[in-house]
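Heads up, the thing below is written out as structure tokens.
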Amino acid sequence: MNKNGEIAIEAREMDVYYAHFRAVKGINIKFPTRKITALIGPSGCGKSTVLRSFNRMNDLVLVARVQGEVLYRGNNIYGKDVDPVEIRRRIGMVFQKPNPFAKSIYENVAWGARINGYKGNMDELVESSLRQAALWDEVKDKLSQSGYSLSGGQQQRLCIARTIAVKPEIILMDEPTSALDPVATLRIEELIQELKQNYTIIIVTHNMQQAARASDYTAFFNMDEDRAGYLVEYNATNMLFTNPQNEMTEQYITGRFG
Amino acid sequence: MAVQQLETGYPEAEALQRQISQRHRRGLRWRWLFQLSTIVGIVALLALLYNILNQSFGLVAVQNTVDPRVLLEGAKTAVLPGADTAETLADLPKETLVAILAEHISTGLGRRLERDQRFFADQFAFEDPALFAEVCAGAEPPAGCTLEPRDQNNVYELLLERVVAPDVVQSWSLVDSVFRRGAIEEQLRTDYPTAVLEFRSWITADFIVSPQSSTPEFAGVRTAILGSLWVVVITIVFSFPVGVGAAIYLEEYATDNRLNRLIQTNISNLAGVPSIIYGMLGLAIFVRAMETFTSGAALGVITDDTTANGRTILSAGLTLGLLILPLIIINAQEAIRAVPRSLRQAGFALGATQWQTIWHHVLPSAMPGILTGTILAISRAIGETAPLVVVGASTFITLDPSGPFSKFTTLPIQIYQWTARPQAEFRNIAAAAIVVLLILLLSLNATAVVMRNRYATKTA
Amino acid sequence: MATRNPTAPLTGERIEQSELRKKPRVGETVIQGFLFLCGAISILTTIGIVYELGKEAWLFFGKEGVSLLAFFTGTEWQPAIGNFGIWPLVLATLMTSLVAMVVALPVGLATAVYLSEYASDRARNTLKPILEVLAGIPTVVYGYFALTFMTPLLRSILGDNVVQIFNTASAGIVVGILIIPLVSSMSEDALHAVPNSLREAAFGLGATKLETSLKVVVPSALSGITAAFVVAISRAVGETMVVAIAAGAGPKNFIIGEDGLFSFILNPFVAAETMTGHIVRISGGDLSYDSIDYNSIFAIGLLLFLMTLALNIVSRRFVARFREVYE
């Protein structure tokens, strides 16, 4: 798919269960390196669940269980000896609602690096992370203020900066703009475009325009009659939106359901 | 045109009006009853405070064993130095006061006083110099061997305490003192013609700093306050880390299995166990089974010979620690549960371990709530009486506690003991001690409220 | 290949599994173990209570002249002559608890109804802290209050020859006052949890506020209110200092058939020592281990523990039933 043929992460026959309920079934998908892939689909189709399976955030839900394989650089991240902490450092995540820590802006960015044993110059790391997140100019004079003093959009960019600071390879984004106003949303979308130069980005979005405008590839999910989510169609974004192969995809992108 | 009346089975027109207004009247009567019930609580609180303040202040009839004017007259008659110009006993020079003292107390008592602290640097008033030197050379020289001699004021107070010896022969409550003053004076003239009526606040600076005494006029709560503080320090040191630790375990680590459900159910059960049962547990485990440890014998630090039986501050503190542990755990669990999940997710998504996330983000956010709950639990511990009676708080000690292995008494124990005494003056000092206890608790609770409010505004 | 940002690591190549392998995090394991121990201490506490009370009670019943039958049927508690009938103590406990309930239940429930259904926010915000203060006052202070206020009050109303200086009525009333906040706050929580739609339905049928409150809201919250009542009983049974100070300092022994039922045995105006009061008095004195007195208070303690435990379990059943309906 990618002209370099590089795959950042891949799911093979992945099922996710919550206790006895199968939330997601039979997912096979490969994510190309340094591209933006959007996951779309109606509410409850399991796209967030799929996303969270890629850095083992589902581990935090006690009843959740993942079957099948998720291959990252040749290793199944659900392998027996794999440390989820190590996985999450390499595969970062940005959440639906901005969730800065109750610490200063500086500490918000520095904390992840510090606990992961970063030995370099912390000031430089904080600055470069905030610059990459396009937030530096707005906060450089108030780094010691609380992360909560920022606006919603700024908070979300702070969360992105915080994720970048630990230098992950892949950034998972779970509807990162759903809690933001249109202006702030636009800033984040621009930022995501910038970030794809360095990072593989997988983004769940509710908003089809966002997927069409901002992503390179799009995966459409739907759920079956047992409410288990599955992958319907996966293609380059322009292909999927202009020439959907599946009837359900077409109905969805033309707004006839979902 | 007449409207056709349908037979509905319900009252109509006037009957309906009557029925509704009747129902409203009933509603008002009940509403009044509900309101009245609510006021019962307030009335009870006011009655309680009234009762305590009423007993803490009031008139007392003080009768001197020897009238100070008689002593002064005696000094003038004997032409003792300084007596001719003195208007009260307090004006007399030290030598004269010592002379009066010597006249009224036994030589034995005088010697004891002199061994405690000498009257003069260059001479002895009661003691035989040779004997004194011998005692000072002995194994345990008394304080008087090294202390500076007493000053005039010290001797004057000694004279008041030992010779004038004012004694409260009767006390009246505040309300009686104000409204029945005439009758009280009347009664005083017939019952105690030589007594003097004076208004007394039983809460004084002296009351706070004096140790326990068998005469209510001289008794204070110093040992009890220190005992309470020592006990509560042990309680906090034990129950805070353990309680918060258990709450973290249950909220952050525990999976939903039988053992963990058992722990959770068990904690709610423990919160309902009567406090006296904890006292019996403390008696059996800390005082008796772990005696060598709680008495300090294991560490070789027995503070004084009589405490080597496990009935120490340490045992009491641990007992109260177990008692408030369920409260701390339940409160801390609520505070930890209130921390948004998103904060934990943010931590994990950066590659933090579970403990790093808890320590750096969950605990700081939960801390105000945890502290509020802990303060409330501690004020419960400070007010507890029954378990400490069972564990064996001492009823009468005059020495300040010196560490975790000391015998002790606490403020509530002191109140209990004094309340149980038949003499009215003990009721007065019990009331005074209650005022001290309530002020202590009030300030603690005020801290908790302030903390809760600050927390509420911060997260809003 | 595109120019690579120096901070972005190479992707795609296979990495050694060992890089992702779980690192031994000793600190994490130690901490988790410590936290588990903290949780387990509560279990140890319960085991300790059951074991110690059980052991001493076992020793007590093993002593000569003491039998389980006599313990549960005897109407005289006189350790000095080997009479260990629990009834005088239990009856006194039931008396004070009954009086307390007569005070606390109606007042507490009415307060809860007022606070939940009638009071304005302002009234609620003033009244609730007052009730909290009432709940925060140490019980020894209530004991003082019972002895120096309630007893003289009762005596001035009913006469010195009717009311003794120590009596269960005065202690019971004050215990009732001190558990009003418990009853009212638990009941108010229950009333509060009743969904508003039920109230609106009742109002919609033309019910008055009183009819809505008493006939719709209170019955809907009944299991929650029952739970509050049961906890209150348990609290009254276990209450110690008030009864130790004001109820009496000696078991009220009686002989069935000789002592009148209401003139003596169930008379709340005469002195009677409760289970808790007895434990406090005996353990407050000089008590030597392994004496029959020492063993006997543990037998009383075990009975007390079982009584309160049963009440608390019953109460939690009611709460669980209530939650099932509304949560």
√(5λ) per eigenvalue of the Cα gyration tensor, the range C:68-322, largest first, Å:
38, 20, 17
Between C:Thr126 and B:Asn453, the two model label points (7 Å from Cα along the beta-carbon direction) sit apart by a distance in nm of 1.7
Overall Cα dimensions of the range A:191-241, principal axis frame, Å, largest first
39, 19, 17
Using alpha-carbon positions, what is the distance between the centroids of the range B:345-422 and the range C:20-42, in Å?
26
Once whole DSSP H runs in chain B are found, which of them have Cα atoms spread over 30 Å or more along the helix axis and a mean Kyte-Doolittle score of at least -1.0?
B:13-56, B:222-248, B:313-337, B:424-459
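Among the listed pairs A:Lys25/A:Lys167; A:Lys35/C:Lys22; A:Lys35/A:Lys97; A:Lys97/A:Lys119; A:Lys47/A:Lys142; A:Lys80/A:Lys167, which are separated by more than 27 Å between their Cα atoms?
A:Lys25/A:Lys167; A:Lys35/C:Lys22; A:Lys97/A:Lys119; A:Lys47/A:Lys142
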Could you give each residue of the range C:130-140 its phi-based ³J(HN,Hα) in whole Hz, using Karplus coefficients 6.51, -1.76, 1.60 with θ = phi - 60°, and x for Gly or Pro?
5, 5, 5, 4, 4, 6, x, 6, x, 5, 5
Expected vector for the range A:170-175, Karplus 3J(HN,Hα) from phi with 6.51, -1.76, 1.60 and θ = phi - 60°, integer Hz, x for Gly and Pro, equals 10, 10, 9, 10, 9, 6
What nm distance separates the two modelled labels at A:Val61 and A:Asp141, each placed 7 Å from Cα along Cα→Cβ?
4.5
Once each part is reduced to its C-alpha centroid, what is the distance from the range B:225-284 to the range A:152-181 in angstrom?
41
So the compactness index of the range C:21-63, its C-alpha Rg divided by 2.2 N^0.38 Å, takes the value 2.03
What ratio of Cα Rg to 2.2 N^0.38 Å holds for the range B:336-450?
1.61
Radius, Kirkwood style, for the range A:1-146 when every pair of distinct Cα atoms is counted (Å)
17.5
For each of C:His278, B:His24, A:His206, B:His361, count neighbouring Cβ atoms within 10 Å of the residue's Cβ, then give the residues from fewest to most.
B:His24, A:His206, B:His361, C:His278
Which residues' amide hydrogens lie under 5 Å from the amide hydrogen of C:Val194, considering only partners 5 or more residues apart or on another chain, with H built in the peptide plane?
none
To check my understanding: the extent here is largest minus smallest coordinate of the Cα atoms along each principal axis. What are those three numbers for the range B:10-142, in Å, largest first?
112, 45, 20
Evaluate E = 1/(1 + (r/R0)^6) for C:Asn161 and C:Glu324, where r is the Cβ-Cβ distance and R0 equals 51 Å; express this FRET efficiency to the nearest 0.05.
0.40
Expressed in angstrom, Rg and Dmax over the Cα atoms of the range B:85-186 are 19.2, 61
Residues A:Arg89, A:Arg162, sorted so that the one with the fewest Cβ neighbours within 10 Å comes first:
A:Arg89, A:Arg162
Here the range C:174-183 yields Karplus 3J(HN,Hα) values (6.51, -1.76, 1.60; θ = phi - 60°; whole Hz; Gly and Pro given as x) of 5, 4, x, 4, 6, 9, 3, x, 5, 4
Below 8 Å between Cα atoms, with a sequence gap of 6+, how large is the relative contact order for chain C in percent?
25
Using the alpha-carbon centroid of each, what span in Å lies between the range A:63-117 and the range C:170-192?
50
Of all trypsin sites (Lys or Arg not before Pro) in the range A:189-258, which ones are in loop regions per DSSP and have a Cβ with at most 14 other Cβ atoms within 10 Å?
A:Arg227, A:Arg256
Within chain A, the percent of DSSP beta bridges that are antiparallel, given to the nearest 5, stands at 60
Radius of gyration and maximum dimension Dmax of chain B, Cα, Å:
32.5, 130
For the pair B:Ala298/A:Arg12, report the inter-label distance in nm, with labels modelled 7 Å from Cα in the Cβ direction.
5.8
Relative exposure of C:Thr151, B:Thr319, B:Thr88, judged by other C-beta atoms within 10 Å (fewest first):
B:Thr88, C:Thr151, B:Thr319
Would you kindly give the portion of the calculated P(r) for the protein assembly as shown that falls above 40 Å, as a percent of all Cα pairs?
60
If you average 1/r across every pair of different Cα atoms in the range C:177-271 and take the reciprocal, what Kirkwood value do you get, in Å?
16.7
Can you give me the long-range amide H partners of A:Ala8? Hydrogens built in the peptide plane at 1.01 Å from N, cutoff under 5 Å, separation of 5 or more residues or another chain.
A:Phe31, A:Thr33
Please list, ordered by chain and number, the residues whose modelled amide H lies under 5 Å from the amide H of A:Gly41; skip anything fewer than 5 residues away on the same chain.
A:Phe221
Among the lysines, which have Cα under 23 Å from the Cα of C:Lys209 when same-chain residues fewer than 8 positions away are ignored?
C:Lys128
Listed by chain and number, the lysines with an alpha carbon less than 30 angstrom from that of B:Lys76, same-chain partners under 8 positions apart left out, are B:Lys94
Can you check how the C-alpha radius of gyration of chain A compares to 2.2 N^0.38 Å, as a plain ratio?
1.00
With the cut-off at 22 Å, report for the range A:63-170 the share of all Cα pairs above it, as a whole percent.
37
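Every number in this text was worked out from the coordinates using simple rules, so none of it is lab data. All values derive from a computational prediction rather than experimental measurement. Cβ: placed from backbone, ideal geometry, glycine included. Neighbour counts: every protein chain shown.
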